[in-house]
Amino acid sequence: MASKFIGTDAQAAAWKLTVATEVVESWVRAQVVDFISVSETLITGRAVVRYDIQNAPVKEFRLRVPAAYTNVEIYGVNIRRRDRTNDEWRVELQNKVRGLFTLTVTWEQPRTGQTNAPIDIAGVQVIGAERETGNVVLLARPPLQLSEKSATEQLQKIDTRELPEWTGLSTGSALPGGEVPVLVYRYVRPGFKLVVEARRYEEAELLQALVDNAKLTTVVADDGQMMTQITLAVPQQRPAKPGNRTAARLEGVVGIRRRAAGASDATRHALAAAHRTLGVRRHTSRD
């Protein structure tokens, strides 16, 4: 508040102003990103809650975590205490904060029943915020696949590139455990419900092939480590001329840096020579 004095005479100079103070309530907006990892026996979650605090600082935050979640932990800066009442958690800080502030919630939920049984997904909610928006990211490690069974209208499917930059998750990126984003959603108000199905696909069997020739070449280092290269001649049927066979040449490296423990130099070099003499390359043959 500001005032301007515009009087010119001496009596007007003796001005007086009376003001009163009032407490301004804090205005809190929250953005939540739930990372939910699904495996065959366990569901683990990590919710990153990003607060935007305006008007007045706050010292206490409240969260609602589903009662089915176990081993709940809440991390943040300057946390004094954490109290739980049923599914509600109260987090008290050492000092009041204003601006951007982040809390991280981790939890676990054991899976029961069959691998392909439906899974109910629920996120961490913020209590007392003027507005809450967020994202849900479902992660899985191949060959486990996740598919949506049902979802409420609050959820909207998005691409990984539409996630906030501060999440640190980019398109096609894999987490340290080998998990990748499978389903990604956005919601504009809390209280969503999501049901997914986890299905484990068996690995495809390799096609059987006949090897005409095999050649193994082994290089032995002075310290006893070996690296073996294998060259295979595999007959390949030509669709246009069934009577012809072409031997496809396949090369690979096996036994990388395998140590020949206890072997002498003469033994190791003799082994390498024996591998080099195995087989003769034959590129084509005709029946």
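Please treat every number below as a calculation from the coordinates, not as lab data. What you see is a predicted model, and the numbers here were worked out from it, not measured in a lab. Reconstructed Cβ throughout: ideal geometry from the backbone, glycine too, with neighbour counts over all protein chains shown.
Counting only residues at least eight positions apart within a chain, or on another chain, the lysines with an alpha carbon under 26 Å from that of LYS96 are LYS59.
Expected output is a single nm value to one decimal: the length gained when fully extending between THR217 and THR70, i.e. 0.36 nm times separation in residues minus the C-alpha distance. What is it?
On the way: separation 147, 0.36 × 147 = 52.92 nm, distance 5.45 nm.
Difference between extended and current length: 47.5 nm.
Rounded to the nearest 0.05, the FRET efficiency derived from the C-beta distance between ILE158 and ARG80 at R0 = 41 Å is 0.65.
In straight-distance terms, cross-link reach from LYS16 covers every one of the lysines whose alpha-carbon lies under 27 Å from its own, apart from those fewer than eight places away in the same chain; here that gives LYS4.
Please get the size of the charge dipole for the range 78-235, origin at its Cα centre, with Cβ charges of +1 on Lys and Arg and -1 on Asp and Glu, quoted in debye to the nearest 20.
Details: 19 positive and 21 negative charges, 171 e Å.
The calculation lands at about 820 debye.
Evaluating 6.51 cos²θ - 1.76 cosθ + 1.60 at θ = phi - 60° for every residue in the range 68-78, the Karplus couplings come out as 6, 7, 10, 6, 6, 10, 10, 10, x, 8, 6 Hz, glycine and proline recorded as x. According to the Kirkwood relation over distinct C-alpha pairs, the hydrodynamic radius of the range 27-200 is 16.8 Å. Between the listed residues PHE35, ALA20, TRP89, the Cα displaced farthest toward the positive end of the dipole of the range 1-158, a dipole computed from Cβ unit charges relative to the Cα centre, is found at ALA20.
Between ILE6 and ASP52, what's the calculated FRET efficiency when r is the beta-carbon distance and R0 is 45 Å? Round to 0.05. Can you show the working numbers first?
Working: r = 40 Å, r/R0 = 0.90.
Computed FRET efficiency for ILE6 and ASP52: 0.65.
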